[in-house]
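Only one structure is covered here, and it is reproduced in the block below.
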Amino acid sequence: EMLRNLADGGDGGASCKVYVGNISWDAAWQEVKDHMRGVGADLDVLHADIMMDASGRSKGCAIVKYSSAEHAQRAINELYDTELMGRLIFVREDREGEDFLGRKSFAPQGAFNVAVRGGRAVLRVNGHGKARMHPYKRG
């Protein structure tokens, strides 16, 4: 349970991070951070990170981390479809998780396990549904 809480951000599953899309390529991290503080500048933004491609050019999106899941949820509710540098941005919960050491993980957040059945690895997420993976090979 402790490891799952750490993987989810330490607050039982609610994320403190949001994904912000449709950002102008000219936007700097400080402009994004200032905007994501909200209309009353009362949302506690810890970090704003604009995603860049290999050449160093903005991808037009950012990850913004808040001090609490409550502030992140307020940002989603209050800042979705607001204008930043002439563009309407969208804001949603960050779906790309991190493992408990802070490394990027492409697995879904929450409880999951992998089982080998009939020579195939099967991923179960929160006990629901299945996603087939590459065939399991012993070696």
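The values are calculated or read from the model by the stated rules, or taken from the named source; none is laboratory data. Quantities reported herein were computed from a predicted structural model and do not represent experimental measurements. Cβ sites come from the backbone with ideal geometry, for glycine too, and all protein chains shown count toward neighbours. Note: areas computed on protein heavy atoms with side chains; ligands, DNA, RNA excluded. Shrake-Rupley method; radii C 1.70, N 1.55, O 1.52, S 1.80 Å.
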| Meets criteria (of a type outside the set (D, E, K, R), closer than 15 Å to Lys33 by Cβ and either touching a Pro at 6+ places or on another chain (Cβ under 6 Å) or in a helix (DSSP H, G or I) (or both)) for His71 | yes
| field | Those residues of the stretch 46-70 which are acidic (Asp, Glu) and more than 13 Å from Glu93 (Cα to Cα), in sequence order | value | Asp49, Asp53
| message | Looking at Gly60, Gly97, Gly21, can you tell me which residue is at pLDDT below 95 and either open to solvent by less than 30 Å² (accessible area, probe 1.4 Å) or among the hydrophobic types (A, V, I, L, M, F, W, C) (or both)? | response | Gly97
